[in-house]
1. When you go through (1) among the hydrophobic types (A, V, I, L, M, F, W, C); (2) out of contact with any strand residue (DSSP E or B) (no Cβ under 9 Å at 6 or more places or on another chain); (3) not assigned by TED's automatic domain parsing to the domain that holds D276 one by one for M366, which number turns out not to apply?
2. Quick check, is P130 touching a residue at least 12 places away in the same chain (Cβ under 8 Å), part of a strand (DSSP E or B) and within 13 Å of I302 (Cα to Cα)?
3. Do you know which residues across the stretch 86-103 are out of contact with any Pro (no Cβ under 9 Å at 6 or more places or on another chain) and surrounded by fewer than 17 Cβ atoms within 10 Å (Cβ to Cβ)?
4. Considering only residues that are closer than 14 Å to K290 by Cβ and either buried (at least 16 other Cβ atoms within 10 Å of the Cβ) or not assigned by TED's automatic domain parsing to the domain that holds G287 (or both), which ones fall in the stretch 374-393?
5. Is there a residue being outside the structural domain of V62 (by TED's automatic domain parsing), at pLDDT 95 or above and within 19 Å of G241 (Cα to Cα) anywhere in the stretch 421-430?
6. Would you point out which residue out of D106, D43, D110 is surrounded by fewer than 19 Cβ atoms within 10 Å (Cβ to Cβ), out of contact with any strand residue (DSSP E or B) (no Cβ under 8 Å at 6 or more places or on another chain) and either under 30 Å from G177 (Cα atoms) or free of Cβ contacts under 8 Å to residues at least 24 places away in the same chain (or both)?
7. Going by what's in this entry, would S199 be described as under 23 Å from W298 (Cα atoms) and of a type in the set (S, T, Y)?
8. Could you tell me how many of the residues in the stretch 69-85 are β-branched (V, I, T) and surrounded by fewer than 17 Cβ atoms within 10 Å (Cβ to Cβ)?
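The values are calculated or read from the model by the stated rules, or taken from the named source; none is laboratory data. A quick note: this is a predicted structure, and the numbers were derived from the prediction, not measured. Cβ sites come from the backbone with ideal geometry, for glycine too, and all protein chains shown count toward neighbours.
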Amino acid sequence: MNLRTLILGASASLLAFAAHAESITIATVNNGDMIRMQKLTDDFAAKNPGIELNWVTLEENVLRERVTTDIATKGGQYDVLTIGTYEVPIWGKQNWLLPLDNLGADYDVDDLIPSIRGGLTVDGKLYAAPFYGESSFTMYRKDLIEKAGLTMAEAPTWDAVADAARKMTDRANGINGICLRGKAGWGENMALLTAMSNSFGARWFDENWKPQFDQPEWKDTLQFYVDLMKDAGPQGASSNGFNENLALFQQGKCGMWIDATSAGSFVTGKDSTVADKVAFALAPDKGLGKRGNWLWAWTLAIPAGTKKAEAAEKFVSWATNKAYLDLVASKEGWANVPPGTRSSLYAAGGEYEKAAPFAKMTMESMNAADPTKPTVKPVPYTGVQFVAIPEFQGLGTTVGQLFSAALAGQMTVDEALKQAQDAATATMTEGGYIQ
């Protein structure tokens, strides 16, 4: 066989492969764990040579808007969606997602953390697989706490956190005592503020679905937040979400940061200039029996309109099974595996517990969050940092914009709360929840 024949034969083989290769499009968020996943997909390609991956990586608010629009209109742009524990049960009930029935014999669904698995299950069927799970906790600089002559309790109060933040603030040297989310969005600033409000005794709605932004507990929450950020937060805080605050903390510009437990590996990792100075505590409380921590999972789901369901489910299985955790550990170290999804990861004395100083606190925080009883007073809804009704996505974003404007000084706290009450009343009346 001559060289020309060999080349022609190889070209024909490549063309045949291209003709049979299946391309799936994955919409995902631009968080660190997802960026890391994209860098490791050679492993998926080696195991699934007939499937090509196209990535659409978006900022959190943009991702939510795009995938919601696409699935509601049956647009069919994506074969795999990155969505959260808010969307999955709602979309599953509407038959917008495919149940995950073929994740593989070695997937071990029973190893998924029960609270996370339960939030992704509708009528006994799993409609999304968790890529990482999280609660929220307090990350702080040990050196700055000591310099201020303070100690941080393992279970701090909001008053103690505020006092420490003000004392640690040194703006002449670029250090803000605390960084908190201010960017508008139901999953951005309202994740923090709703969880925070739970600990202050506030709630979105009373037992009869009447909005509660006109009650003193919400005034206490929002005023406390705005005053604290004015005294000890970074300039332009109303534009800062998870990623912006992560960058500030890694650069040594935050004394404290109350946010997702999934940030633990990034504030103690190689990109953090203060990695050896970080310690962890539970999210704060006000002594009312609820802490300001949430419960969330970023998950991978398959829209019902895809024509590539089999290939999509192979990818979802690859990205969320135990073998993927081993892959990340082999490349990046155990501390950097996606957290909060599998019970086996948190086994006492295991590799993860030894490598991740935040592992124990993460599980404590996740176990303490109760979506069925999220507030001090009784409520008709489930969800810790969100309200699990379809109307919440639009309403939560509207309220988030108002509270971000109050943080930026564009309106007063009272004005923001008044407009939030009006918007919530209109939404709930239109939805038939109240008359």
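1. (2)
2. On the way: touching a residue at least 12 places away in the same chain (Cβ under 8 Å): yes; part of a strand (DSSP E or B): yes; within 13 Å of I302 (Cα to Cα): yes.
So P130 fits the description; yes.
3. Filtering the stretch 86-103 down to residues out of contact with any Pro (no Cβ under 9 Å at 6 or more places or on another chain) leaves 86-89, 93, 95, 99-103.
Across the stretch 86-103, the qualifying residues are K93, N95, D101, N102.
4. In the first step, residues of the stretch 374-393 are kept if they are closer than 14 Å to K290 by Cβ; the result is 374-379, 383-385.
Hits for the stretch 374-393 are P374, T375, V376, V379, G383, V384, Q385.
5. No: zero hits.
6. Values: D106 fails: either under 30 Å from G177 (Cα atoms) or free of Cβ contacts under 8 Å to residues at least 24 places away in the same chain (or both); D43 fails: either under 30 Å from G177 (Cα atoms) or free of Cβ contacts under 8 Å to residues at least 24 places away in the same chain (or both).
Residue meeting the stated conditions: D110.
7. Values: under 23 Å from W298 (Cα atoms): no; of a type in the set (S, T, Y): yes.
No: the conditions fail for S199.
8. We begin by selecting, within the stretch 69-85, every residue β-branched (V, I, T); these are 69, 71, 73, 80, 82-83, 85.
This time we only want the ones that are surrounded by fewer than 17 Cβ atoms within 10 Å (Cβ to Cβ), so: 69, 73.
Residues that pass the stated criteria total 2.
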